[in-house]
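Chemist: Here it is, the structure, as structure tokens.
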Amino acid sequence: MYEYLNGQVAMVTPTYIVLDVNGVGYRIAVANPYAYEVDQQTAVRVYVYQAVKEDSLTLFGFSDPNEKQLFEKLLGVSGIGPKSALAILANPDHQALIQAIGDNDVNYLTKFPGIGKKTAARIVVELQDKVDALWPDLTLDFTVRPTSAAQSPALADALAALASLGYAERDIKRVEKQLLKEPDQPTAEYLRAGLRLLNK
């Protein structure tokens, strides 16, 4: 139904943003909410996918049409739901994801939360011939904006975002120890670093 929404970011949480479009607040689940910052003056465009169930209607948001297209391709794989697809896209290295699918690298795919070997194998089989078209133009990246948040709140928000993506608590605690050694960073940078560590 919707292709994209233009509006101001009114709220950022570990799992979603609220986009104010002409006075109406749209709750949009995104892979990396901290790529956005609350700004009532500047309009942003968020590409959206509407998931309809019997008891809910959810909007999923993307920074780029290619990211949305990749999400939709992942949804086409048996056993992959919107939450799993979003967790996969939370890793900012989308080119590595497409390369892994092309190279039949099942082990890489099983590093994502909720993706076992059978599901990873299905991703490869069902998408190997479909994602090649995205590869030449896929230059997706999350824009990281400076923030004045202190280390503890920023890190706590990043860890909460990892938990919302489905990563196990023990894995998050392991990553937290490593992130604590890093200098102060915005939440988006902590989240990027955490995802890199979890997907090594």
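The values are calculated or read from the model by the stated rules, or taken from the named source; none is laboratory data. It should be emphasised that the depicted structure is a prediction, and the values quoted were computed from it without experimental measurement. In this analysis, Cβ positions are derived from the backbone assuming ideal geometry, glycine residues included, and neighbour counts consider all displayed protein chains. Ligands, DNA and RNA are excluded from the accessible area calculation, which covers all protein heavy atoms including side chains. Shrake-Rupley method; radii C 1.70, N 1.55, O 1.52, S 1.80 Å.
Chemist: Go through Lys111/Lys173; Lys68/Lys181; Lys130/Lys173; Lys83/Lys117; Lys53/Lys118 and tell me which ones have a Cα-Cα distance over 28 Å in this structure.
Modeler: Table pairs above 28 Å Cα-Cα are Lys68/Lys181; Lys130/Lys173.
Chemist: Roughly to the nearest percent, how much of the accessible area of the chain is carbon and sulfur, given a 1.4 Å probe?
Modeler: 48
Chemist: Using DSSP to define loop residues, name the trypsin sites (Lys or Arg not before Pro) in region 5-113 whose beta-carbon has at most 11 other beta-carbon atoms within 10 Å.
Modeler: Of the trypsin sites (Lys or Arg not before Pro), the ones in loops of region 5-113 whose Cβ has at most 11 other Cβ atoms within 10 Å are Lys53.
Chemist: While we're here: Evaluate the distance, in nm, between pseudo-label points positioned 7 Å from the Cα of Arg174 and of Asn6 along their respective Cα→Cβ axes.
Modeler: Result for the modelled spin labels: 4.6 nm.
Chemist: Within the chain, what's the longest run with no GluC sites (Glu not before Pro) in a DSSP loop and at most 13 other beta-carbon atoms within 10 Å? Give the range, please.
Modeler: The longest uninterrupted stretch comes out as 55-200.
Chemist: Hey, another quick one. Kirkwood hydrodynamic radius of the chain from all distinct Cα pairs, in Å?
Modeler: 17.4
Chemist: In addition: Gly79: net charge of surrounding residues, Cβ under 15 Å, Lys/Arg +1, Asp/Glu -1, itself excluded?
Modeler: +4
Chemist: Sort Asp55, Asp171 from largest to smallest accessible area, using a 1.4 Å probe on the heavy atoms of the protein chains.
Modeler: The ranking, largest first, comes out as Asp55, Asp171.
Chemist: Just to confirm, what accessible area per residue do you get for the chain at 1.4 Å probe, in whole Å²?
Modeler: Here the per-residue accessible area is 51 Å².
Chemist: How many angstrom lie between the Cα centre of region 97-132 and the Cα centre of region 1-78?
Modeler: Computed from Cα coordinates, the inter-centre distance equals 25 Å.
Chemist: What number, rounded to the nearest 500 deg cm²/dmol, is the helix-based mean residue ellipticity at 222 nm of the chain, given -39500 (n - 2.57) per DSSP H run of at least four residues and division by all its residues?
Modeler: So the calculated ellipticity at 222 nm is -11500 deg cm²/dmol.
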